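Input: a single structure, listed below in structure tokens.
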Amino acid sequence: MNLYQQNRKRFQTLMTLDECAAILPTNTVKMRNHDCDYRFRPDSDFWYLTGFEEPGCLLLLLPGKDDDEVGKSILFLRDSDKLMEIWNGRRLGVEAAPEALGVDEAYDIEDLWTKLPELLTGQPRLLYRLGMDDAMDLRFNHMVKGLRGRARKGTEPPVEIVDGHHSLHEMRLHKSAEEIELMRKSAAITTEAHLAAMAATRDGVNEYEIDALIDYTFRRNGANGQAYSSIVAGGANACILHYVENNQPLKDGDLLLIDAGAEYQCYATDVTRTFPVSGTFSEPQRALYEVVLSAQEAAVAAVKPGAPTDSIHTVALNGLVDGLIELGLIEGPREKAIQEKTFSEFFMHGTSHWLGLDVHDCGSYADEGESRPLEPGMVLTVEPGLYVDPNNDKVDAKWRGLGVRIEDDILVTESGNENLTVAIPKSIEAVEAACQANLQGSHA
């Protein structure tokens with residue numbers, strides 16, 4: 001039984017306990033422009049339960065009749081079509097699906113709205129996530145209305161629509177050993193890409209060249225590609241948190257902030273490193289960088305079982321505020337600066353988010369109104385940063401336009417944590433060494 005079948009079995013057991021059927025469509029192909037489509041990526045929930053990457057499919061899970069029954073899995077997918085496969089690629093097909101994917105039954109997706117009402121008759125509760133696809137929602141609502149219209153004929157219609165995937169998303173939040181190995185592989189690919197970027201960066205190289213190198217390194221190592229649009233931000237561009245234009249020349253004397261992660265078998269990595277284009281930090285750059293690095297390392301050390309999720313942000317914030325005060329960018333003491341949020345023009349985002357099949361992965365951050373404690377198997381980012389607006393005339397000119405963020409991906413373990421991206425240089429000495437390796441090579 002593979003990873004996806006195991007996931008499906010666990011989820012079906014929960015659905016049986018809840019006497020709930022689950023309807024899980026994957027994504028459809030989306031148009032990019034005119035007659036060109038975006039590269040397809042399956043819905044994360046659907047992938048988690050099937051490992052199947054064809055578009056326009058739907059998984060139906062029916063609960064067992066008794067607590068000890070798993071229930072039935074039914075996949076609707078595109079059937080084999082020789083002509084369409086010549087034009088658009090191979091299809092698994094209905095006949096091959098049960099054996100290939102371990103589902104109990106398979107039907108042509110063209111028959112979905114004919115077969116689905118029959119299969120759902122007598123199911124009291126339906127799990128379906130509204131708001132993801134307007135066209136699908138319309139057909140689903142029409143089907144439910146039709147089922148309810150048959151009640152006078154003795155048909156049992158659903159009495160409750162569960163709009164949400166809480167149980168499934170809690171499963172996804174806690175990674176299995178096999179998932180962790182996939183995330184380690186994604187992190188290893190990302191490590192190679194960041195090292196390549198550091199080695200290739202120098203005065204006159206364009207941001208888009210580094211962006212292309214990163215993407216090439218991802219794909220060359222078997223990744224799906226980028227887990228998100230890479231940020232390659234030279235100089236003051238680093239002060240734009242989601243800068244993705246990536247089209248400006250790099251200059252000696254500037255920093256380069258790269259926020260980029262690979263997606264391997266749909267599992268994401270999310271890493272940020274900041275380093276000098278020249279290969280050597282200037283004094284102001286070094287000073288600001290050391291504040292962020294110290295705060296980040298303290299926050300990483302705070303990741304352990306039982307720690308409240310929001311405590312990681314608190315540790316990072318305390319370190320950043322102390323550093324800002326020491327550098328003279330804000331006034332102390334720390335408690336006053338935090339209360340009055342004078343730090344917020346330099347640090348305006350959170351420190352952590354869940355990571356997995358999605359870059360901002362599913363799972364709640366609170367439990368009954370309280371910050372939920374971290375548990376083994378959770379993976380989260382730790383990413384403090386400081387950004388000085390280039391037009392901030394309240395600070396010394398030497399700080400203006402500097403942006404530094406350092407981000408790693410941290411697995412919560414039984415005894416503490418494992419930094420999945422620890423191999424990417426981040427100490428001053430290691431970063432300068434990785435950057436200067438390219439300068440030696442460029443003059444050889």
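Any read-out appearing in this document is the output of simple, stated calculations on the displayed coordinates, not a laboratory observation. Just so it is clear, the structure is predicted and the values come from calculations on it, not from any experiment. Don't worry about glycine lacking a Cβ; one is built from the backbone with ideal geometry, like all the others, and counts go over all protein chains shown.
Taking the Cα-to-Cβ direction at ALA135 and at GLU375 and moving 7 Å from each Cα, how far apart do the two end points lie in nm?
3.8 nm
Once a ≥ b ≥ c are taken as the square roots of the eigenvalues of the Cα gyration tensor of segment 243-380, is the result rounded (a/c under 1.5), prolate (a/b larger than b/c) or oblate (a/b not larger than b/c)?
oblate
How big is the Cα convex hull of segment 3-171 in projection, averaged over all directions, in nm²? Each step should come with its number before you reach the end.
Values: hull surface 42.7 nm².
Value for segment 3-171: 10.7 nm².
Quick one: net charge around THR201, please, counting Lys, Arg +1 and Asp, Glu -1 for every other residue with C-beta under 14 Å from its C-beta.
Values: positive: ARG202, LYS251, ARG273; negative: ASP203, GLU207, GLU209, ASP211, ASP252, ASP254, GLU432.
So the surrounding residues net to -4.
Spelling out what I want: for every residue of segment 124-130, take phi, set θ = phi - 60°, compute 6.51 cos²θ - 1.76 cosθ + 1.60 (Karplus), and round to whole Hz; glycine and proline get x.
So the Karplus estimates, Gly and Pro as x, are x, 10, 10, 9, 8, 8, 6 Hz.
Going by amide H atoms built from the backbone, whose H comes under 5 Å of the H on LEU402, apart from near neighbours?
Correct list: VAL388.
Given q = 0.10, 0.20, 0.22 Å⁻¹, what are the Debye log10 I(q)/I(0) values for segment 106-247, with equal point scatterers placed on the Cα positions and solvent ignored?
-0.64, -1.15, -1.27
Could you work out the mean projected area of the convex hull around the alpha carbons of segment 299-436, in square nanometres to one decimal?
Numbers: hull surface 41.0 nm².
Spelled out: convex hull of the Cα atoms, projected over all directions, averaged, 10.3 nm².
For a quick check: sort LYS9, LYS304, LYS153 by the number of other beta carbons within 10 angstrom, fewest at the front. Could you put the intermediate results ahead of the total?
Values: LYS9 15, LYS304 18, LYS153 6.
Listing LYS9, LYS304, LYS153 from fewest to most nearby Cβ atoms yields LYS153, LYS9, LYS304.
Would you mind classifying segment 355-444 by shape? Square roots of the alpha carbon gyration tensor eigenvalues, ordered a ≥ b ≥ c; an a/c under 1.5 is rounded, otherwise it is prolate if a/b is larger than b/c and oblate if not. Show your work: numbers first, answer last.
Details: a/c = 3.06, a/b = 1.45, b/c = 2.12.
Note, shape of segment 355-444 comes out oblate.
Taking H as built 1.01 Å from N, whose amide H comes closer than 5 Å to the amide H of ASP37, not counting residues under 5 places away?
Residues meeting the criterion, in which the H sits 1.01 Å from N, are ARG32.
Explain nothing, just the number: dipole magnitude of segment 301-351 about its Cα centre with +1 on each Lys and Arg Cβ and -1 on each Asp and Glu Cβ, in debye rounded to the nearest 20.
Values: 4 positive and 7 negative charges, 39 e Å.
Dipole size: approximately 180 debye.
Each label point is 7 Å from the Cα along the Cα-to-Cβ direction; what then is the distance between the points at GLU418 and ARG148, in nm?
Rounded to a tenth, the inter-label distance reads 4.9 nm.
Along the charge dipole of the chain, which of ALA233, HIS174, ASN2 sits closest to the positive end, that is, farthest toward it, with unit charges on the beta carbon of Lys, Arg, Asp and Glu (+1, +1, -1, -1)?
ASN2
Give me the one-decimal nm value for the distance between modelled label points at GLU368 and ALA212, 7 Å along each residue's Cα-to-Cβ direction.
5.7 nm
What translational diffusion coefficient, to the nearest whole µm²/s, does the chain have by Stokes-Einstein, given a Kirkwood radius computed over alpha-carbon pairs, a temperature of 20 °C and 1.002 mPa s viscosity? Don't skip to the answer; put the middle values down first.
Working: Rh = 24.2 Å.
Taking Rh from Cα pairs, D becomes 88 µm²/s.
Between the DSSP loop rule and a limit of at most 15 other Cβ atoms within 10 Å, which GluC sites (Glu not before Pro) in segment 272-352 are left? If you can, show how the numbers build up before the last one.
Details: sites: GLU290, GLU297, GLU326, GLU331, GLU335, GLU340, GLU345; in loops: GLU331.
For GluC sites (Glu not before Pro) across segment 272-352 that sit outside H, G, I, E and B with at most 15 neighbouring Cβ atoms in 10 Å, the list reads GLU331.
Normalised by the empirical 2.2 N^0.38 Å for globular proteins, what value does the Cα Rg of segment 239-288 take?
On the way: Rg = 13.4 Å, N = 50, 2.2 N^0.38 = 9.7 Å.
Dividing the Cα radius of gyration by 2.2 N^0.38 Å gives 1.38.
Can you give me the relative contact order of the chain as a percent, contacts being Cα pairs under 8 Å and 6 or more apart? Display every interim value, and only then the final one.
Values: 885 pairs, mean separation 58.0, N = 444.
Reported relative contact order: 13 percent.
Grab the DSSP H runs of the chain that are 4 residues or longer, score each as -39,500 (n - 2.57), total them, divide by all residues and round the 222 nm result to the nearest 500 deg cm²/dmol.
Working: 13 runs with 165 residues, N = 444.
Helix contribution divided over all residues of the chain: -11500 deg cm²/dmol.
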